[in-house]
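The values are calculated or read from the model by the stated rules, or taken from the named source; none is laboratory data. Predicted model only: the values in this text are computed from it and were never measured. Every residue, glycine among them, receives a Cβ derived from its backbone with ideal geometry; neighbour counts consider all protein chains shown.
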């Protein structure tokens, strides 16, 4: 195998790993923000975990994060939590960064 072929294979492997990690981070972000919202709605334990799974599932309804924000906003305001869509939008990147850190730690054996 030539150096070019080896380099191309390495780039392909890195791209695949990056895509997999981004998918996992997005799902983890949805779980984390789902747990955050569940806490705001007074849910704990199994109910909070089930709600977080529902938020992860909601992310597959359409491309982007609007489906998750729509669900969170409707559920939170439906339970009487005073919150704006903007406040939820602000939390999304924070939870994404936390998700990335958790995944990197798990992948490197530090979690």
How do the pairs read when you match residues in region 1-28 that are on the phi > 0 side of the Ramachandran plot and part of a helix (DSSP H, G or I) with residues anywhere that are at pLDDT 80 or above and surrounded by 10 or more Cβ atoms within 10 Å (Cβ to Cβ), using Cβ under 6 Å and keeping only pairs 6 or more apart or on different chains?
none
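Take residue 10 and decide whether it is closer than 24 Å to residue 105 by Cα, exposed (fewer than 15 other Cβ atoms within 10 Å of the Cβ) and over 11 Å from the mean Cα position of the chain (by Cα). Give the derivation first.
On the way: closer than 24 Å to residue 105 by Cα: yes; exposed (fewer than 15 other Cβ atoms within 10 Å of the Cβ): yes; over 11 Å from the mean Cα position of the chain (by Cα): yes.
Considered against the rule, which asks whether it is closer than 24 Å to residue 105 by Cα, exposed (fewer than 15 other Cβ atoms within 10 Å of the Cβ) and over 11 Å from the mean Cα position of the chain (by Cα), residue 10 comes out as yes.
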Test: residue in region 41-55 that is out of contact with any strand residue (DSSP E or B) (no Cβ under 8 Å at 6 or more places or on another chain), surrounded by 17 or more Cβ atoms within 10 Å (Cβ to Cβ) and without any contact (Cβ under 8 Å) to a residue 12 or more places away in the chain:
yes
Can we say residue 33 is part of a helix (DSSP H, G or I), within 16 Å of the chain's Cα centre (by Cα) and touching a residue at least 60 places away in the same chain (Cβ under 8 Å)?
yes
Residue, modelled with the lowest pLDDT, within region 80-111, restricted to residues that are exposed (fewer than 14 other Cβ atoms within 10 Å of the Cβ) and in a loop (DSSP other than H, G, I, E, B)
111
Which residue pairs have Cβ atoms under 6 Å apart, sit 6 or more places apart or on different chains, and have a first residue in region 64-83 that is closer than 18 Å to residue 48 by Cβ and a second that is at pLDDT below 95 and assigned to a helix (DSSP H, G or I)?
68/58; 71/58
